[in-house]
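Heads up, the thing below is written out as C-alpha cells.
The values are calculated or read from the model by the stated rules, or taken from the named source; none is laboratory data. Treat the numbers as computed from the prediction; the structure is a model and nothing was measured. Every residue, glycine among them, receives a Cβ derived from its backbone with ideal geometry; neighbour counts consider all protein chains shown. Ligands, DNA and RNA are stripped out before the accessible areas are found, and what is left, the full protein with its side chains, is counted by its heavy atoms. Shrake-Rupley method; radii C 1.70, N 1.55, O 1.52, S 1.80 Å.
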Amino acid sequence: VLVGDNTPRFDYGYEYVNANSYKLSRGESKGLLIEESRTNLVSHSIYDGDKSGTAQTSSGDIGNWDLTLGNATFTGGIDAPDGSNDAVRFTALNTGFAILRIPIPAFTPNGSDNYILSFYARAISGTGTLMCDLNDGAPLLNGWTNNLITNEWVRIVVSGVPTGSASFIDLVSNSNTNRVIDFWGVQLEKGSFATSFIPTHGSVATRGADTAFIDGDDFDNIYNDSEGTFVLQATTGDLSSSNQAAWGVEKTSNRSGHFSVVGYRVGGGQSGYTGAWYNANGSTSAFHNMNAGVTAETPFKIAFGYKLNDMDATTNGGTVLGDTNAAIDPDFDRFTLGSYHFGSMKIGHIQRAIYYSSKITDNQLKTLTS
C-alpha cells in the first residue's frame, strides 16, 4: 500500500516462506508502520515501457529495463501488488542465454557495508534456475526461483556486501530457460534488513523516517496528566547523536523544555544511554533515570510510571529506580513516537509502544520489560 506524505502507513506484513522469500499478507493491519529513512538506489524501480499487453521483442533498453542478450520478451500492463498495472511479464524463449538487467546510477561501496536487493516476483509457468545479483557480485542469489509460488506474488530479499563499483542489477543473469515470471518493485538499499518498497520513476528516492504524533481530541481522550505509564520496546541501529528512538509526550509550544519520554537518549551528559526522563518546568528534570548504554541492533525494553511525588522506571527488567519528589506538568498536548526534542529516529525499529492511563506497580514495570 503506497501513500503520500503526512499520511499514516500501516503494516500489513509478509508471511515468511524462507530466508529469501516472503509472501504478501492480505490480512488485517498489524499496526502503525514506523521505519527508518532509506534510499532506493534504483532509479527506475518500476518498468515504464509499453503497457498495452503486447510483447516487446527487441533486445536492449525497453522501458529503462534491458533485455541485454535478447532471447526473451517483455509484456507490460500486468497487474502489480499495489493494484496498478505497472508489473511486467518476462518470458524466456528457451533459445539462448537471457539477461534481465536494470541499469542503476553508478556508485562505489566501501567494501564493508551491507546492502539489500529486493524485488517482487510471481511465477506463471516454466522451469529452470535463475540467478540475481548486483553487478555480477553480491548481493547475489543463485536459484532464487526456487522460492517462487505459482500465481502468487512474493518478495525476494537478498543480502550481501558488494566489493566493487556497481552500475546495474541483473534479476535474470545468463540463463536459458522457458520461465515466465512477472516482476515489479525493485529496490537496492544500504542496511542490514529490507524495508518497505520506495517507488522511483527516473531518479533515486529517499523515504524519510516515520515520525508519528497523536494530538488534539485523540490525545485529550487518552492522556491522563495526573498519572500514567509508558512502555517501549525498540532497537536502535546507529548509536549516534543524530538518532533517537523514543516514546512519550511533549508540549508543542516548547519542545525544548517540556517533555516526558522513555527511550535511547542522544544529546546531553547521558548521551548513548537508555532511560526515562520527565521535565516539569522546562529547566529542571523532575525525574531523570539513566541506565547502561545499549547495543546496536539489540532490542531494549523500558517502562516508566508517573504520578505526583511517585515516579519509577526500569530497563530490561532491572532494578526499579524511583523519585518521591517529582512534580507533574499539566500542559502536555501530544504524544510523540520515534522522536523528542533532541532529534528523530533515523536508523532503528520500534517494536512496541504502550500507554496506560494509570501508574502500574513496580512489579508490573519489571514484568513488562523482562
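Tell me, which strands (runs of 3 or more DSSP E) wholly within the stretch 89-197 include 3 or more residues that are under 26 Å from ARG207 (Cβ atoms) and touching a helix residue (DSSP H, G or I) at 6+ places or on another chain (Cβ under 9 Å)?
Result: 154-160.
For the stretch 293-307, does any single residue satisfy the condition of being surrounded by fewer than 16 Cβ atoms within 10 Å (Cβ to Cβ), aliphatic (A, V, I, L, M) and modelled with pLDDT under 90?
Taking every residue of the stretch 293-307 in turn, at least one turns out to be surrounded by fewer than 16 Cβ atoms within 10 Å (Cβ to Cβ), aliphatic (A, V, I, L, M) and modelled with pLDDT under 90.
Just name the residue that is least open to solvent (accessible area, probe 1.4 Å) out of those in the stretch 1-16 that are out of contact with any Ser or Thr (no Cβ under 7 Å at 6 or more places or on another chain) and in contact (Cβ under 8 Å) with a residue 24 or more places away in the chain.
Initial filter on the stretch 1-16 (out of contact with any Ser or Thr (no Cβ under 7 Å at 6 or more places or on another chain)): 1-9, 16.
With the extra rule that they be in contact (Cβ under 8 Å) with a residue 24 or more places away in the chain, the set shrinks to 1-2, 8-9.
Details: VAL1: 138, LEU2: 85, PRO8: 78, ARG9: 44 Å².
Restricting to residues being out of contact with any Ser or Thr (no Cβ under 7 Å at 6 or more places or on another chain) and in contact (Cβ under 8 Å) with a residue 24 or more places away in the chain, the top hit is ARG9.
Within the bounds of the stretch 75-84, is there any residue that is part of a strand (DSSP E or B), touching a strand residue (DSSP E or B) at 6+ places or on another chain (Cβ under 6 Å) and at pLDDT 95 or above? Give the steps one after another, and end with the answer.
As a first pass, look at the stretch 75-84 and keep what is part of a strand (DSSP E or B): 75-78.
With the extra rule that they be touching a strand residue (DSSP E or B) at 6+ places or on another chain (Cβ under 6 Å), the set shrinks to 75-76, 78.
Next, only the ones that are at pLDDT 95 or above stay: 78.
Looking for residues that are part of a strand (DSSP E or B), touching a strand residue (DSSP E or B) at 6+ places or on another chain (Cβ under 6 Å) and at pLDDT 95 or above, one finds at least one in the stretch 75-84, hence yes.
Determine whether THR108 is touching a Ser or Thr at 6+ places or on another chain (Cβ under 8 Å) and buried (at least 18 other Cβ atoms within 10 Å of the Cβ).
The answer is no for THR108.
Hey, can you tell me all the residues within the stretch 86-143 that are in contact (Cβ under 8 Å) with a residue 60 or more places away in the chain, among the charged types (D, E, K, R) and out of contact with any strand residue (DSSP E or B) (no Cβ under 7 Å at 6 or more places or on another chain)?
Correct list: empty.
Name the one entry in GLU189, GLU227 that is of a type in the set (Asp, Glu), under 21 Å from THR108 (Cα atoms) and either open to solvent by 10 Å² or more (accessible area, probe 1.4 Å) or touching a residue at least 60 places away in the same chain (Cβ under 8 Å) (or both).
Details: GLU227 fails: under 21 Å from THR108 (Cα atoms).
Only one candidate qualifies: GLU189.
For the stretch 17-74, name all the residues that are under 32 Å from the mean Cα position of the chain (by Cα), crowded, with 17+ Cβ neighbours inside 10 Å, of a type in the set (Ser, Thr, Tyr) and not in a loop (DSSP other than H, G, I, E, B).
If the condition is that a residue be under 32 Å from the mean Cα position of the chain (by Cα), crowded, with 17+ Cβ neighbours inside 10 Å, of a type in the set (Ser, Thr, Tyr) and not in a loop (DSSP other than H, G, I, E, B), then SER21, TYR22 are the ones that fit.
Take the stretch 128-142 and flag every residue that is open to solvent by less than 50 Å² (accessible area, probe 1.4 Å) and closer than 18 Å to ILE116 by Cβ.
Those that are open to solvent by less than 50 Å² (accessible area, probe 1.4 Å) and closer than 18 Å to ILE116 by Cβ: MET131, CYS132, ASP133, LEU134, ASN135, GLY137, ALA138, PRO139, LEU141.
Which one of these is open to solvent by less than 50 Å² (accessible area, probe 1.4 Å) and more than 15 Å from the chain's Cα centre (by Cα): ARG179, ARG155, ARG207?
ARG179
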